[in-house]
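Single-structure report; data block below.
We did not get these values from a lab; they are worked out from the coordinates using the rules stated. Quantities reported herein were computed from a predicted structural model and do not represent experimental measurements. In this analysis, Cβ positions are derived from the backbone assuming ideal geometry, glycine residues included, and neighbour counts consider all displayed protein chains.
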Amino acid sequence: MTTTTLLFRDDAYATACEARVLGTTPEGGVILDRTVFYAQGGGQPGDVGAIVRANGDRFDITNTVYGADRSQIVHLVGPEAASRFEGGETAELQLDWPRRLRRMRVHTALHLLSVVLPYPVTGGAIGEGDGRLDFDIPDAGLDKAEITEKLNALIQRDAPVTERWITDEELDANPGLVKTMSVKPPRGSGRVRLVEIEGIDLQPCGGTHVRRTGEIGTVAITDIEKKGKQNRRVRMSLVD
Ligand SMILES: [Zn+2]
């Protein structure tokens, strides 16, 4: 089975691409050999946008998800639209870029939030211009204004954000590297994608990020909820 090449992994700023149709799904999805559309996962929603056939027919993509074995990416257009696509034809993908960029800004800001609040993270989600992380802490006397100030100070450092792959062997040879990570890398897949915010954070992550923290813009902590005895949900929003 042909897998989908994940172009967003190497270039989160790619907004369009040509791709070949590998097949369709009964749920109304189009499977392509390559994509700039991020598939729903890791708390980040799937991308939306459009797909344009060679004859000019254009269909909205309402969500992007992984196929059953996660080797292919499914672009949801609805059963009627999907039935028009034929295996082997080429089509153009066009990302809803303003929406994706907001998600990239929120996602990168959540990395910074995990630095400001260095506690175990039990969950997280990214919405439209906002996001949240759940922390495993009983009560840390969290203060919205103080966290907001620290977050914006990190953003204003305009630190470069870079991604690189590292093999399990390289990880084993550098125990100090693992020790510096806020989240322990998963083992067994042979290699791990690391996201580094220079001088601030290093952690394994498969998501999409902005190139520099300055691109996040101003953020604010909007709410801190108690979710059970051992959990605090911290909500953050882009201010613009
Ligand atoms: Zn990330």
Could you tell me how many of the residues in the stretch 90-106 are part of a helix (DSSP H, G or I), out of contact with any Ser or Thr (no Cβ under 6 Å at 6 or more places or on another chain) and more than 16 Å from the ligand (Cβ to nearest atom)? 2
Please count how many residues of the stretch 194-227 are within 16 Å of the ligand (Cβ to nearest atom), touching a residue at least 40 places away in the same chain (Cβ under 8 Å) and part of a strand (DSSP E or B). 6
Considering residues of the stretch 65-99 that are of a type in the set (K, R) and under 16 Å from F8 (Cβ atoms) only, the residue surrounded by the most Cβ atoms within 10 Å (Cβ to Cβ): R99
Going by the structure shown, is A109 surrounded by 14 or more Cβ atoms within 10 Å (Cβ to Cβ), in contact (Cβ under 8 Å) with a residue 12 or more places away in the chain and part of a strand (DSSP E or B)? no
From T24, T64, which residue is part of a strand (DSSP E or B), over 25 Å from R164 (Cα atoms) and of a type in the set (V, I, T)? T24
Among V74, V116, V121, V65, which is the only one that is free of Cβ contacts under 8 Å to residues at least 60 places away in the same chain and touching a helix residue (DSSP H, G or I) at 6+ places or on another chain (Cβ under 7 Å)? V116
Just for the stretch 159-193: of the residues that are in contact (Cβ under 8 Å) with a residue 24 or more places away in the chain and in a loop (DSSP other than H, G, I, E, B), which one is nearest to V116 (Cα to Cα)? S182
Inspect the stretch 74-89 for any residue being assigned to a strand (DSSP E or B) and either in contact with a Pro (Cβ under 6 Å, 6 or more places away or on another chain) or farther than 27 Å from R193 by Cβ (or both) and give the result as yes or no. no
In the stretch 46-64, which residues are surrounded by 19 or more Cβ atoms within 10 Å (Cβ to Cβ) and either within 16 Å of G207 (Cα to Cα) or within 19 Å of the chain's Cα centre (by Cα) (or both)? G46, D47, G49, I61, T64
